[in-house]
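Contents: one structure, followed by commentary.
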Amino acid sequence: MPLIGSKEFVAWLPTFLQSKKVIIPKVAYPTYNVGAILAGAQAITVDLDAKQWPQADLAWINSPSNPTGRVHTESELKSAIEYSRKNNTPVVSDECYLGFGDSVTPTSILRYTEGDNSNILAVHSLSKRSSMAGYRGAFVIGDSVLIKKILEIRKHAGMMVPLPIQHAMIAALADENHVSEQRARYNSRRKTLSPALQSIGFKIEHSEAGLYIWCTRGEDAWKSVEALAKLGILVTPGIFYGADGSQYVRIAMTATDAAIADAASRITASKAE
């Protein structure tokens, strides 16, 4: 089913499913929580081990993660599927960054369903995969019965993707070369910036895939934001993604190669001052 960008789907899915309890990762994209708020549902933050999850009406997972770049293991994905089947709960895997592995190659949750996608959905975004953010084009795949149920509600809310956008999505999805090129760019930028950050005391955690570096100096996130801002480098405080991110910052690899190289040079030069 085509979507008006994945953010729209994340924000409104709990409402469409009339969810009362929504599981989201402890460190996560804020829209998961906003979606629960819009639905008047309780957001329950959890660790990645689905064996420890409480009962809920909907569960989100995100691999590779925004903001951490962490990739779920095969056992973690299988555990989420087992949770879904045991509790008859929809589990939705946000896989917007799936094409951007670095030291780890991400895999879709659908690889492990053994052909039974009941209550399992995977969300993909052309905004990330093909740098088409302005097009607002994404799609969800998986349980056809659940998708049909969601579609019946969405169409009455006017959430239909214009046909020209759908054709643009088809064209982008038919080509993998541009994805490989962009993946190489992101990973090269990570390799440029990571040593510079480490040289001034940042510890990089996860960041094995996706568009971001997730790092900490063991200090309040806003102190790290301030220190980098003084060098002309803007980063996102980890607290935006949950309390467990309060000592981290997220650094995007979406600037140009030249800007990333300049940022690395500024950081390295600051060490000598």
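The values are calculated or read from the model by the stated rules, or taken from the named source; none is laboratory data. Computed from a predicted model, the values in this text were never measured in an experiment. So basically every Cβ, Gly included, is an ideal-geometry build from the backbone, and we count neighbours across all protein chains shown.
Points worth noting:
- Residue under evaluation Val27, criteria (1) in contact with an Asp or Glu (Cβ under 7 Å, 6 or more places away or on another chain); (2) of a type in the set (Val, Ile, Thr); (3) surrounded by fewer than 21 Cβ atoms within 10 Å (Cβ to Cβ), criterion not met: (3)
- Matching entry among Tyr32, Tyr83 (being over 15 Å from the mean Cα position of the chain (by Cα), at negative phi and modelled with pLDDT of 95 or more): Tyr83
- Out of Ser125, Ser108, sole residue that is in the same structural domain as Ile23 (by TED's automatic domain parsing), modelled with pLDDT of 95 or more and touching a helix residue (DSSP H, G or I) at 6+ places or on another chain (Cβ under 8 Å): Ser125
- Screening Ala11 on (1) over 27 Å from Met132 (Cβ atoms); (2) among the hydrophobic types (A, V, I, L, M, F, W, C); (3) at pLDDT 95 or above shows it passes everything except condition (1).
- Taking the conditions (1) exposed (fewer than 15 other Cβ atoms within 10 Å of the Cβ); (2) at positive phi in turn, Gly242 satisfies each one other than (1).
- Within the stretch 88-146, being surrounded by fewer than 18 Cβ atoms within 10 Å (Cβ to Cβ) and part of a strand (DSSP E or B) holds for one residue alone: Ile141.
- Yes/no for Ser103 being more than 24 Å from Phe240 (Cα to Cα) and in contact with a Leu (Cβ under 9 Å, 6 or more places away or on another chain): no
- Residue check, Glu152 acidic (Asp, Glu), part of a helix (DSSP H, G or I) and not assigned by TED's automatic domain parsing to the domain that holds Ser265: yes
- Which numbered condition Gly134 misses (of (1) closer than 28 Å to Asp257 by Cβ; (2) of a type outside the set (S, T, N, Q); (3) at pLDDT 95 or above): (3)
- Hey, Pro54 crowded, with 21+ Cβ neighbours inside 10 Å and of a type outside the set (A, V, I, L, M, F, W, C) or not: no
- Test: residue in the stretch 2-12 that is more than 27 Å from Pro162 (Cα to Cα) and touching a helix residue (DSSP H, G or I) at 6+ places or on another chain (Cβ under 8 Å): no
- Look at (1) without any contact (Cβ under 8 Å) to a residue 40 or more places away in the chain; (2) assigned to a loop (DSSP other than H, G, I, E, B); (3) not small (Gly, Ala, Ser) and you find that Thr68 fails only one, number (1).
- Flag for Ser118 being among the hydroxyl-bearing types (Ser, Thr, Tyr) and either more than 29 Å from Thr254 (Cα to Cα) or modelled with pLDDT under 95 (or both): yes
- Test: residue in the stretch 255-270 that is on the phi < 0 side of the Ramachandran plot, in contact with a strand residue (DSSP E or B) (Cβ under 6 Å, 6 or more places away or on another chain) and in the same structural domain as Gln182 (by TED's automatic domain parsing): no
So that you can scan it fast, the table gives a plain yes or no per residue for (1) modelled with pLDDT under 95; (2) in a helix (DSSP H, G or I); (3) of a type in the set (Lys, Arg); (4) loosely packed, with under 15 Cβ neighbours inside 10 Å:
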| position | (1), (2), (3), (4) |
| --- | --- |
| Ala171 | no, yes, no, yes |
| Ala184 | no, yes, no, yes |
| Arg189 | no, yes, yes, no |
| Glu226 | no, yes, no, yes |
| Leu234 | no, no, no, yes |
| Val249 | no, no, no, no |
| Ser265 | no, yes, no, yes |
| Ser270 | yes, yes, no, no |
